[in-house]
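Okay, structure first, notes after.
The values are calculated or read from the model by the stated rules, or taken from the named source; none is laboratory data. In this text, all values refer to a predicted model and were calculated from it rather than measured experimentally. Note that each Cβ is placed from the backbone with ideal geometry, even for glycine, and that neighbours are counted across all protein chains shown.
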Amino acid sequence: MNFLAFIQSKHNLIFKLAIVFVCSVGIVLMLPSKQVKGLRVGSFDAIWAGPDLVAEEDFFLKKSIDEIEQEKKAIEAESPLFFEERIDERTKKQNDLETLKQNNQKAYQVLKPIFDSIYESGVIESLDTASQRRQIFIVNGNFAEAGIYFNFFTIKSAANYIAEEINKKNIQLNINYLDFLCINYFFNKEKTAFYLNSKLDQVSVYKTAVLKGQTLVKRGEPLTNNKRFLINHYFYLQNNTGGSSVIKLFFRWLLVFLILIVLLCYLLFFRKLIFGQNKQIVFLYLIVTVSVLSTFVFSKYGLLVLALPFALVPILVRVFFDSRTALFTHLLVVLICSLFMADKLEFILLQLLSGIGTLFTIAEMRKRQQIVNAAALVFIFYVLIFVSYQVGFGTPQLVKKISVYVPFAVSSVLVLLAYPIILLTEKIFGFISDFKLLELSDLNQPLLRQLSQEVPGTFQHSLQVANLAEEAIYYIGGNTLLVRTGAMYHDIGKIKNPNFFTENQAKSYSPHQEMDPAESAKIIINHVIVGVELAKANKLPEQIIDFIRTHHGTTYVGYFLNLMKEQNASKAVNESEFRYPGPIPFSKETAVLMMADGVEAASRSLKSHDALSINELVDTIIDYKIAQNQFINSDITFKDITTIRKIFKKRLMNIYHARIEYPI
């Protein structure tokens, strides 16, 4: 039971630790099983940028199935054809020609030299057009003599030759001279098939063999397609062979867990407001995990890891949080993702310095143009860092290749994805960016327009409060845009019953004069509740609604409480009816707004707006808030409050043109 009670009391911390644990397990499963020796090279890699690559062990480069099939087809297409001579038919035809000598001496004398010439070259069996260009061998016993198909006669070419020779002699022969023609070289299918099969059996499944100590590629060497294939296969074997032991897996997880827990500790010690919001914790660790996942996918499928927009990390975190948190998160992302890289130093320098440069551009997110500027600056940082690193410590030849800058350009362009991602994050997590605050502070927003038209006195009061609060936050540190926007909406509840509030009353008439103090206090207090309802109906972010809830905290409606006590001196007064429902401010911004609202409202009731009156007013209002414990939950110091006092006094003197009266 005690254990369950402990779990219940620490459920928020346990939830955060669970997030860290789950993320660390997911990330360690994506990490390479051992130190990355190199990454896949692609067509963009014109030369080898790393040091001389020497094989650490023997390995064989296998051919693909398609390559083996293509090689076999090439062998089949180029394999020689075997022929053998059969003299029986030739001898018979030559005997027939000798017989012709006895019967037709003239024809014999013409045909004898022609046929001798033909049989001396040989008459070969006809082949198809594709086979005619292949090498041939004439088999003679255990020997074979190479030949060319076109050096032999075929029946057709021999017949044409005989006809041409007879026509040259202009002799008319009345015999069929083709009867003496025959094929004497015949295609030997068995020997041809035997030779082809022996060659096919010799086809190796390996493309090449690399021995230990052999240099695969030298620094600065131009890369051919074959070199790229060899390097990629070598790194594939180096990075993917062999499993991890349980001990190695545990310590890899421990390393990742320590990196992630550092982020949680940073939030605990330096950003307590973020640490207290589980939704914001989830968002930060989601960014880290998605960054690692993207790096894993790109490295696994041989894509350009440097084309990933790592600069998006500081942009997204800065938009919703602050620059220090953005830098800290970006640093951790870069450290984890560097484990996927062969040259970790170059990667860390590129991504970390470009991320820092991005933060310079978006220190104050007031314009969307800043993201475009950030994208351009990221590219400039990439190029400068890459050139400096390669010329100073790497491969100087590499900086002359235009292709190496393509991943940097792609990464810079992808930084523009910040626009849709910011909108998506606002919808999913309910966060509020500076861009959203700028939209909300536009005076044409429906609620602000209604306030300015229907309740102009309150609207002017809100403007003055916004000016006071913004200037104070600027000097003590905080989100100036957030406090200004919150100030513009803090009194929207006065749209209902506007005449019950001093700034909207004319000719010194107040409806409270005819009402019971308790009833008047109820109407005054109710403007906070009505304001929250209006804000929710108009779908204002919770961060803005917080200003409406807290701008009076749990203070009293002092005027009507004192009036009630005066009218009922003999009776006990229920003071809770005159107290605002709260909660009290919980941030610098909400605390400053409370002070600015009280000071500005009270300054309107001053009969004399001189320096002494303003000094006394500011001190009285702020001291009252402190006495009522309104700032105990906000991270504001006495030093901050002293600065705020000075700023309010100076600002009010400027508004009312007050000056210190010196004695004559």
Give me a count of the residues in the stretch 68-98 that are more than 16 Å from G122 (Cβ to Cβ), surrounded by 13 or more Cβ atoms within 10 Å (Cβ to Cβ), out of contact with any Phe, Trp or Tyr (no Cβ under 6 Å at 6 or more places or on another chain) and at pLDDT below 85. 0
Which of (1) small (G, A, S); (2) outside the structural domain of I287 (by TED's automatic domain parsing); (3) not in a helix (DSSP H, G or I) is the odd one out, the single condition A363 does not satisfy? (2)
Tell me, yes or no, whether the stretch 105-117 has at least one residue that is in contact with a helix residue (DSSP H, G or I) (Cβ under 6 Å, 6 or more places away or on another chain), surrounded by 11 or more Cβ atoms within 10 Å (Cβ to Cβ) and within 12 Å of I183 (Cβ to Cβ). no
So, in the stretch 502-555, how many residues would count as being touching a strand residue (DSSP E or B) at 6+ places or on another chain (Cβ under 9 Å) and without any contact (Cβ under 8 Å) to a residue 60 or more places away in the chain? 2
Could you tell me whether the stretch 511-518 includes any residue that is surrounded by 23 or more Cβ atoms within 10 Å (Cβ to Cβ), part of a helix (DSSP H, G or I) and among the hydrophobic types (A, V, I, L, M, F, W, C)? no
Condition test on N538, is it modelled with pLDDT under 90, farther than 19 Å from D640 by Cα and assigned by TED's automatic domain parsing to the domain that holds Q450? no
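Checking the condition under 17 Å from V483 (Cβ atoms), in contact (Cβ under 8 Å) with a residue 40 or more places away in the chain, out of contact with any His (no Cβ under 8 Å at 6 or more places or on another chain) and not in a helix (DSSP H, G or I), which residue from I636, I647 passes?
I636
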Take I315 and tell me if it is under 29 Å from S388 (Cα atoms), touching a residue at least 60 places away in the same chain (Cβ under 8 Å) and buried (at least 18 other Cβ atoms within 10 Å of the Cβ). yes
Could you say which residue among S576, S603 is surrounded by fewer than 15 Cβ atoms within 10 Å (Cβ to Cβ), among the hydroxyl-bearing types (S, T, Y) and assigned by TED's automatic domain parsing to the domain that holds L617? S576
Among the residues of the stretch 350-396, what is the count of those that are under 19 Å from S412 (Cβ atoms) and charged (D, E, K, R)? 2
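Yes/no per residue for (1) modelled with pLDDT of 95 or more; (2) surrounded by 12 or more Cβ atoms within 10 Å (Cβ to Cβ); (3) within 48 Å of the chain's Cα centre (by Cα):
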position: D610; (1), (2), (3): no, yes, no
position: V618; (1), (2), (3): no, yes, no
position: Q630; (1), (2), (3): no, yes, yes
position: D635; (1), (2), (3): no, yes, yes
position: F638; (1), (2), (3): no, no, yes
position: M653; (1), (2), (3): no, yes, no
position: R659; (1), (2), (3): no, no, no
position: I664; (1), (2), (3): no, no, no
Quick check: is even one residue across the stretch 573-588 modelled with pLDDT of 90 or more and in a helix (DSSP H, G or I)? yes
